[in-house]
Amino acid sequence: MQTLRRCRQTLWTALWLGALSLGLLASSAYADTTTMTLHGFCGASAATTTCTDNGTITPTSLNPLTQFGFTRSPDDNSGLTGTISFDLVVLVPDTASGANTQNLKYTGTGTAVTGSQTLSLKGDWTSGTLDAFLGLTKVGGPDNPISGFQAGETNQGLPSTGFDVYLFNYGSVTFGSPDPTFAPSGGFSGTLIPGTEIYAFIDGPVTGQRQDATAVSSTLIDVSVVRVPEPIPAELLGMALTGLGLFLRRRRTA
C-alpha cells in the first residue's frame, strides 16, 4: 500500500512539474513574439524588402540605396510612452577615406519632420555602447554594443573598426501606418562607403532616454564594393608584346 501511495505521489509531482514547465514555455514564447525592436528593410516596405537579416546583420549590395526604412515588432507604437522621436543613425567605418566628411541627406516619409535633412556628425565611436556614446539611457529595446556592429563588418569580410556617427531626429512617428522610410535627397546621390551601417532608435519623452532601437542583426549594412582592375605589371606587358611580335613574324615567314 505504501508503495502504491509513493507511486501516486511521484506521478502527481511529475504531472505538476510538467504543467508548470509548459506554462513557463508558453509565457516565454509569448514574450518572444511581443519583443519590441526595430528592423531595417530595403525598399518601400518590410513586405517587399530586398535585403534579409542573416542573424548577424542585414546586408545590401544596393548602392545607392534609393529607399529603405524601419518596421517594428509588433508593428505599432505599443509600449512606447509619451511624445517620442525617431532618430536615424548612419555609422561610417572610421578607417575609410573621407569617413568624417560625408554629406548624408535624406527625406523621411511617415515622420513628423519632412523635406531634405542633413545628418549631423557626432564624432568617432570606438568603444562601449552607442547609447553611452550618444549620452542616452536605455529604458527599453535591445542593447547596442560596438562589438555587435563590428561583428557585422567581420561577417561580411570587412575590417572590424570604429565608426563615425551621423544622426538626425525626424520627430514623432507612428509605426504601421505606414512605417517610416527614407530616400537620398538634396543633391546627395545616396552612394555609401562600403561597410556603412544604417540604424535607428526611439527616444523621449524624457531627454536622454532611449525607449526602443534596431536589433543589431536588423541593422542595414552596405556591402557593395567597386572593384578597380589591377594594372598589368610592366614585365607581363613586355612579355605579351614580345610573344605577339614572334607570332606575327612566324606568320609572315610561313
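The values are calculated or read from the model by the stated rules, or taken from the named source; none is laboratory data. Keep in mind that what you see is a predicted model, and the values were worked out from it rather than measured. We place every Cβ from the backbone using ideal geometry, glycine too, and count neighbours over all the protein chains shown.
Starting from residues that are surrounded by 17 or more Cβ atoms within 10 Å (Cβ to Cβ) and acidic (Asp, Glu), keep the ones in region 133-177 and report whichever is nearest to ILE221 (Cα to Cα).
Ranking the qualifying residues of region 133-177, first place goes to GLU153.
Looking at region 61-106, which of its residues are over 14 Å from HIS39 (Cα atoms), out of contact with any Pro (no Cβ under 8 Å at 6 or more places or on another chain) and hydroxyl-bearing (Ser, Thr, Tyr)?
If the condition is that a residue be over 14 Å from HIS39 (Cα atoms), out of contact with any Pro (no Cβ under 8 Å at 6 or more places or on another chain) and hydroxyl-bearing (Ser, Thr, Tyr), then SER61, SER78, SER85, SER97, THR101 are the ones that fit.
Which of the residues that make up region 125-175 are of a type in the set (Val, Ile, Thr), touching a Gly at 6+ places or on another chain (Cβ under 8 Å) and more than 26 Å from ALA112 (Cα to Cα)? Walk me through it before giving the result.
Going through region 125-175, the residues of a type in the set (Val, Ile, Thr) turn out to be 126, 129, 137, 139, 146, 154, 161, 165, 173-174.
After this cut, where a residue has to be touching a Gly at 6+ places or on another chain (Cβ under 8 Å) as well, the list is 126, 137, 146, 161, 165, 173-174.
Passing the criteria: THR126, ILE146, THR161.
Which residue is surrounded by the fewest Cβ atoms within 10 Å (Cβ to Cβ), if the candidates are limited to region 37-71 and must be of a type in the set (A, V, I, L, M, F, W, C) and not in a loop (DSSP other than H, G, I, E, B)? Spell out how you get there, then give the answer.
Taking region 37-71 first, the residues of a type in the set (A, V, I, L, M, F, W, C) are 38, 41-42, 44, 46-47, 51, 57, 62, 65, 68, 70.
Restricting the remaining residues to those that are not in a loop (DSSP other than H, G, I, E, B) gives 38, 41-42, 46-47, 68, 70.
Values: LEU38: 25, PHE41: 25, CYS42: 22, ALA46: 19, ALA47: 9, PHE68: 26, PHE70: 28.
Across region 37-71, the extreme among qualifying residues is ALA47.
Are any of the residues in region 137-144 at pLDDT 95 or above, over 17 Å from LEU38 (Cα atoms) and of a type in the set (S, T, N, Q)?
Of all residues in region 137-144, those at pLDDT 95 or above come to 137-144.
Checking the rest, the ones that are also over 17 Å from LEU38 (Cα atoms) come to 137.
Now narrow it down to the ones that are of a type in the set (S, T, N, Q): 137.
Yes: region 137-144 contains one or more residues that are at pLDDT 95 or above, over 17 Å from LEU38 (Cα atoms) and of a type in the set (S, T, N, Q).
List every residue pair whose Cβ atoms sit under 8 Å apart, with the two residues 6 or more apart in sequence or on different chains, where the first one lies in region 34-61 and is over 19 Å from LEU192 (Cβ atoms) and of a type in the set (S, T, N, Q) and the second, anywhere, is at pLDDT below 95 and part of a loop (DSSP other than H, G, I, E, B).
Listed by first residue and then by second, the contacts come to THR34/PRO74; SER45/PRO178.
Write out, first by first residue and then by second, each pair whose Cβ atoms fall under 6 Å of each other, whose residues are 6+ apart or on separate chains, and whose first residue, in region 106-132, is surrounded by 16 or more Cβ atoms within 10 Å (Cβ to Cβ) while the second is at pLDDT below 95.
Hits for this filter: GLY110/PRO178.
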